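The structure under discussion appears below in the form of structure tokens.
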Amino acid sequence: MKLTRKQKQFIDHVKLECKKYGVKCSLKEVKYLKPTPSIRCTGYFDDESGTLQVAMKSKSSFETLVHEYCHLTQWVERVPVYMKATKYLLGVDAWISGKNAADHVIDACIQGVVDLELDNERRSVKTIEKFNLDIDKEQYIRKANAYIYFYHWMRKTRKWSKPENMPYANKNIIKEMPTNLRGKYTSIPKKVEKLFEQENI
């Protein structure tokens, strides 16, 4: 991936912020990462291990970097949705891996992660604006919606999406997503649910 001047400047900013807060910034020349046995993704931030990682050979690597950097800002600012999120993330991962739990517990875990990601996507849009990054903001918001709705879809499928068919990389899904991040995202709209099913997410 050839980086623009603005992208290089932003990467330098992220590296400096990581260093400031004792976080290892690892930008890997791979297509995807595997933070847990049941999940393959293009990037993640883990405050416990003090790591921010991004798969730089993925098509949306720079957008992923913005997203994961914003998780770092959530952690630094100790925002409530972030401070509560670990138990929800662990709960979702355990459930996907086959561990059973009461429906209301899984519902709470899914919504907890949705709240975390919604706050983060709103931060990401502000970061794109603040740094005047070479990212199509409207397209980013569409992808963000696909990602957030995916957690509610996962409540029905009990599985992570395949790396080659992630909802936020599926063109048919992206074009049908909203261009704003309004609301609380407590459920998945029926038309989005139908679209996810059609696209075999």
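Reported count of residues in the range 171-197, each being loosely packed, with under 12 Cβ neighbours inside 10 Å, in contact (Cβ under 8 Å) with a residue 12 or more places away in the chain and assigned to a helix (DSSP H, G or I), is 2. When the range 1-22 is filtered for residues that are in a helix (DSSP H, G or I) and of a type in the set (Phe, Trp, Tyr), only 10 remains. Would a scan of the range 7-19 turn up a residue that is out of contact with any Cys (no Cβ under 8 Å at 6 or more places or on another chain), modelled with pLDDT of 95 or more, within 21 Å of residue 139 (Cα to Cα) and surrounded by 20 or more Cβ atoms within 10 Å (Cβ to Cβ)? Yes, the range 7-19 has at least one match.
Would you confirm, using the coordinates I've provided, whether residue 138 is in contact with a Lys or Arg (Cβ under 9 Å, 6 or more places away or on another chain), part of a helix (DSSP H, G or I) and surrounded by fewer than 20 Cβ atoms within 10 Å (Cβ to Cβ)?
Values: in contact with a Lys or Arg (Cβ under 9 Å, 6 or more places away or on another chain): no; part of a helix (DSSP H, G or I): yes; surrounded by fewer than 20 Cβ atoms within 10 Å (Cβ to Cβ): yes.
Against the criterion (in contact with a Lys or Arg (Cβ under 9 Å, 6 or more places away or on another chain), part of a helix (DSSP H, G or I) and surrounded by fewer than 20 Cβ atoms within 10 Å (Cβ to Cβ)), residue 138 does not qualify.
For residue 132, the requirement of being under 29 Å from residue 16 (Cα atoms) and touching a helix residue (DSSP H, G or I) at 6+ places or on another chain (Cβ under 6 Å) is not met.
Identify the residue in the range 42-57 that is part of a strand (DSSP E or B) and either in contact (Cβ under 8 Å) with a residue 12 or more places away in the chain or in contact with a Phe, Trp or Tyr (Cβ under 6 Å, 6 or more places away or on another chain) (or both) and, among all such residues, is farthest from residue 166 (Cα to Cα). Step through it out loud before you land on a result.
Taking the range 42-57 and keeping what is part of a strand (DSSP E or B), we get 43-46, 51-55.
After this cut, where a residue has to be either in contact (Cβ under 8 Å) with a residue 12 or more places away in the chain or in contact with a Phe, Trp or Tyr (Cβ under 6 Å, 6 or more places away or on another chain) (or both) as well, the list is 43-45, 51-55.
Details: 43: 13, 44: 15, 45: 19, 51: 23, 52: 21, 53: 18, 54: 16, 55: 15 Å.
That would be 51.
Summed over the range 152-174, the residues that are of a type outside the set (Ser, Thr, Tyr) and under 13 Å from the mean Cα position of the chain (by Cα) give a count of 4. Filtering 70, 25, 41 for residues that are within 27 Å of residue 136 (Cα to Cα) and at pLDDT below 95 leaves a single hit, 41.
Within the option set 153, 160, being within 18 Å of residue 45 (Cβ to Cβ) and among the aromatic types (Phe, Trp, Tyr) holds for one residue only, 160.
The values are calculated or read from the model by the stated rules, or taken from the named source; none is laboratory data. Everything numeric in this text was worked out from a predicted model, so none of it was measured. Using ideal geometry, Cβ is built from the backbone for each residue, glycine included, and neighbour counts are taken over all protein chains shown.
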